[in-house]
Amino acid sequence: MKRSFLCVAAAVSCWASINLNASDLPGVRPDGSVLLPNQWLLRPAGKQVELGNFPVNVAVHPRGKYAAVLHSGYGKHEIIVVNIKDAVIASRTQVHETFYGLAFSHDGRHLYCSGAGDEVVHIFNFLDGAVADDHAVRVHEPAQRGVPCGLAVSAKEDRLYTANLWGQRVSEIDLLAHTNRADFTFGVGESNLAPNFSQSGEVSFDVASVTKRLAASLDPTAPDAPFPYGCVLDEARNRLYVSLWARACVAVIDLDSKTVTANWPTEEHPNEMALSKSGHYLYVANGNRNTVTVIDTVYGQTVETLDASLSPNSAAGITNLLGTPPEGPGSTPNSLAISPDTTKLFVANAGNNDVAVFDIATPGHSRALGFIPVGKYPTSVRVTPDGRHLLVANGKGIAPRANPEGPQPGKRGEGGRQYIADLVPGTLSIIDLPRGKDWKKALETYTAQAYENIPRHGAAPAPAAADNPIPPTTGHESPIKYCIYIIKENRTYDQVFGDLPQGNGDAKICLFPESGTPNHHKLAREFVLFDNFYVDAEVSAAGHEWSTGAMATDFVEKNWPVSYGHNQAKKYPYPAEGNFPAAYPANGYLWDRAREAGISYRSYGEFVSGLKNGTNFTKVAGLRGHIDPLFHGFDVNYPDAKRADRFIAELGRFEAEGDMPRLQIVRLPNDHTAGGAAGALSPAALVGDNDLALGRLVEAVSHSKFWAHTAIFVLEDDAQNGPDHIDAHRSVLLVASPYARRGVVDSTMYSTSSVLHTMELILGLKPMTQFDAAAMPMFNAFAGQPNLAAYQAAPAGVDLQQRNPKAGKASRESAKMDFSREDAVDDFALNRAIWHAVRGDAATMPAPVHAAFIFAGPKDHDDDDD
């Protein structure tokens, strides 16, 4: 039985969220709320304590005075201890590397912390808010890849269990001997696998000595690699429950026989778990399905499923957006807390920026009570032992700030620098929980606020012009038959369009003006200039997921920060773009919706994995047979000009055959550039190559037989933290179509999800998630009467063979950068190198502005050459 929030009468009736005006910009609004670049709002409840970079887990001390908060982001990893009553930081302890795992001993004298890629668990002494005397217990040899994640400590503090996320195993630690006693490994299709012991007490796991199926289970790219995440110890039954992030089940390990005795089904992406005080019920948050599975541990059966989202039937997708909150995946429940009196369950919804509240006094007959609005991307929710306070770690913070003294070349040390990680830290919300009669009234108020944070755009009235070619709802016909969707790499609005006086730009920041990007500028002038468009992601790992799936799953959001910022040992692979099935969103990607609707589709380089037997291939099932095997994916050494040649050749073939795929996704990545790498094509040349390729592609389509019924959408997958005077998420958006308005500026607030929503409406596709369902469609960019005038590409304005010099600041900054894939280099360092390559060594790069949070920030930048 699924219990949803539709039973909260006040919820839907109070859903009266705002319609934004064209001039709305992200940041703090007059009523104190914060408008985010994705069109959602924040109204966080309670007191806010500023923390560090991406807090992911909270452990409350047994006596309830302190909360320890673990940070596992791109920047500094640390444990911050907060005095709950006074709402102040009591201590900060830096940890080299962590991932989610954090737990106090039952007496509160010790604090246990994941050591992640260092393959250790840290054991700290804890006294009066101070963390000291780190004793690290080695879980595996450093060369092995385990990455300890969730932790569980026995009541006697003689045993510790840790899920090894990337090692596909669970370890048992003897805390008396400080050794790893055993590894439990989850085999492919196996349910009973004994651990491997060594006489020394240290684990000795040799993949070559076990079966091929067991070896396959250690491969994180295997389709059913489990990715063990959380551990809960049930000492009454001598069991360990382990959530398998990528298998939609909880493994039950019998600690007497040392075997996996059962796999209890959940829904997709089970992550954090909570065990009732009696041990009779296990609550499991399912990140990909907006739900919590409630399992009877005596019978091993699911007794109910709780829907924690803002709208019922959230995983099904919808066809009519009028008058209802947005449906679909995206709530991303990823943390749970049970009240001390065991009557209430609190669920942190990372995607909705709220905490859902359930009455669980009678398991199997739970009731939805409402929501509490919190900060951006809540990652952990806890209740103090006295039941008086709710604690919520907001991974992406709550408050906007600019950074006029931001990172600049030539400045060392902490003084005077304003890095993103310092400016927009995560926060801890400390929320007083009401009692008695006050509870219902307070929760009704909170619930109303949570619904007011939802964009109304998905439920907006039909466009003013009845003949607008963008249908108001899915299922209506459009005169536009074909959508060509071009995804580029990593530019802000000001970097390209800052020189256009008709838009809201800053010419001082413009790196690639009209002289170097004549086609971008010509397209913006002839069709529509969008100066209030924002990407939904901070980096490419999330950006390509958002650009094609309208969300990044919890697997991606929690892995990319460490992959980008803490990957010296190469233990965190690039988590996105089809590399791991665990990253796939619940409803799939845009092409999956097209297949479901019977719409023809093809990908040119997007989610393509390089060359195999001389041609490109894809790991993604939905794209097999739907890619151009001769179109190259990301490779800055391969010209976008050749990509355009290939697409134009295929366009000619389709003309000869009489039809082309209705949805085509095209990757033009070279505006990423190779920074100032000595001897490489210069940023100006690569951006110029990208510009000319785009112009030629649009020209070819506009001269084809398909032009009268085509719309071309062009965006960047992310803005990659480049300078922009409004917000670092503000980016480049272009539209070319006979139905696009001509020569106008559209300042309507749009996001990546708006582009997806618009294409879905044109093609008759269901929204993939809550975010595209709620995003403002691009009604204002289109007109009812077509203008069939073709586009003529402008010639390149720069030398496309220009090379970087072999000396200079940009060359030195780029020497150690990895351009084998997108974003393999530090985003700040790359932007700085590009700035110097274009403006010269003496030029000072302006700092990006972050009007409404971004949490990827440089952890360290030395300017030794000044």
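Scanning the range 530-581 for residues that are open to solvent by 10 Å² or more (accessible area, probe 1.4 Å) and closer than 14 Å to Lys619 by Cβ yields Pro573, Tyr574, Glu577, Asn579, Pro581.
Keeping to the range 488-510, report how many residues are charged (D, E, K, R) and not in a loop (DSSP other than H, G, I, E, B).
2
Identify all residues within the range 651-694 that are part of a helix (DSSP H, G or I), of a type in the set (A, V, I, L, M, F, W, C) and over 29 Å from Tyr601 (Cα atoms); write none if there are none. Scanning the range 651-694 gives Ala684, Ala685.
Restricted to the range 429-461, and to residues that are assigned to a loop (DSSP other than H, G, I, E, B) and open to solvent by 60 Å² or more (accessible area, probe 1.4 Å), which residue is modelled with the lowest pLDDT? The residue in question is Pro461. Look at the range 74-94: where a residue is farther than 23 Å from Lys558 by Cβ and a partner is buried (at least 18 other Cβ atoms within 10 Å of the Cβ) and among the aromatic types (Phe, Trp, Tyr), sitting 6+ places away or on another chain with Cβ atoms under 8 Å, you get Asn83/Tyr66; Ile84/Tyr66; Ala90/Tyr66.
Mind checking whether some residue in the range 511-530 is among the aliphatic types (A, V, I, L, M), in a loop (DSSP other than H, G, I, E, B), farther than 27 Å from Asp799 by Cα and in contact with a strand residue (DSSP E or B) (Cβ under 8 Å, 6 or more places away or on another chain)? Can you show your working first?
Start the filter on the range 511-530 by keeping residues that are among the aliphatic types (A, V, I, L, M), which leaves 511, 523-524, 528-529.
From what is left, the residues that are in a loop (DSSP other than H, G, I, E, B) are 511.
Pick out the ones that are also farther than 27 Å from Asp799 by Cα and you get none.
Checking the range 511-530: not a single residue is among the aliphatic types (A, V, I, L, M), in a loop (DSSP other than H, G, I, E, B), farther than 27 Å from Asp799 by Cα and in contact with a strand residue (DSSP E or B) (Cβ under 8 Å, 6 or more places away or on another chain).
The residues in the range 800-823 that are loosely packed, with under 13 Cβ neighbours inside 10 Å and modelled with pLDDT of 85 or more can be counted, and the count is 1. Regarding Asp645, is this residue charged (D, E, K, R) and assigned to a loop (DSSP other than H, G, I, E, B)? No. On the basis of being closer than 29 Å to Val745 by Cβ and open to solvent by less than 10 Å² (accessible area, probe 1.4 Å), does Phe527 make the cut? Considered against the rule, which asks whether it is closer than 29 Å to Val745 by Cβ and open to solvent by less than 10 Å² (accessible area, probe 1.4 Å), Phe527 comes out as yes.
Looking only at the range 715-726, decide whether some residue is touching a residue at least 12 places away in the same chain (Cβ under 8 Å) and more than 18 Å from Leu511 (Cα to Cα). Taking every residue of the range 715-726 in turn, at least one turns out to be touching a residue at least 12 places away in the same chain (Cβ under 8 Å) and more than 18 Å from Leu511 (Cα to Cα).
Within the option set Gly614, Gly652, being farther than 29 Å from Thr492 by Cβ, open to solvent by 10 Å² or more (accessible area, probe 1.4 Å) and either modelled with pLDDT of 95 or more or of a type in the set (A, V, I, L, M, F, W, C) (or both) holds for one residue only, Gly652. One residue stands out in the range 345-382 among those that are over 29 Å from the mean Cα position of the chain (by Cα) and outside any loop (DSSP other than H, G, I, E, B): the one that is nearest to Pro62 (Cα to Cα), namely Asp359. Of the strands (runs of 3 or more DSSP E) contained entirely in the range 234-307, those carrying at least 1 residues that are among the acidic types (Asp, Glu) fall at 249-254, 270-275, 291-296, 301-307. Considering only the range 182-203, I want to know if a residue exists there that is at pLDDT 50 or above and open to solvent by 40 Å² or more (accessible area, probe 1.4 Å). Within the range 182-203 (the criterion being at pLDDT 50 or above and open to solvent by 40 Å² or more (accessible area, probe 1.4 Å)), the answer is no, since none of the residues qualifies. Being modelled with pLDDT under 95, in contact with a Pro (Cβ under 6 Å, 6 or more places away or on another chain) and in a strand (DSSP E or B) is a property that Val170 has. Could you give me the residue pairs with C-beta distances under 9 Å whose first residue belongs to the range 465-488 and is at positive phi, whose second residue is modelled with pLDDT of 95 or more and open to solvent by 20 Å² or more (accessible area, probe 1.4 Å) wherever it lies, and which are 6+ apart or on separate chains? Between residues of the range 465-488 that are at positive phi and residues that are modelled with pLDDT of 95 or more and open to solvent by 20 Å² or more (accessible area, probe 1.4 Å), the close pairs are Gly475/Gly764. Looking only at residues in the range 225-245 that are more than 21 Å from Leu336 (Cα to Cα) and in contact (Cβ under 8 Å) with a residue 60 or more places away in the chain, the one that is least open to solvent (accessible area, probe 1.4 Å) is Ala225.
With respect to Ala130, determine if the residue is of a type in the set (A, V, I, L, M), surrounded by fewer than 22 Cβ atoms within 10 Å (Cβ to Cβ) and either in contact with a Ser or Thr (Cβ under 8 Å, 6 or more places away or on another chain) or modelled with pLDDT under 95 (or both). Judged against the criteria, Ala130 is a match.
The values are calculated or read from the model by the stated rules, or taken from the named source; none is laboratory data. Keep in mind that this is a model prediction, so the values were computed, not measured. In this analysis, Cβ positions are derived from the backbone assuming ideal geometry, glycine residues included, and neighbour counts consider all displayed protein chains. All accessible areas refer to the heavy atoms of the entire protein, side chains included, with ligands and DNA or RNA removed. Shrake-Rupley method; radii C 1.70, N 1.55, O 1.52, S 1.80 Å.
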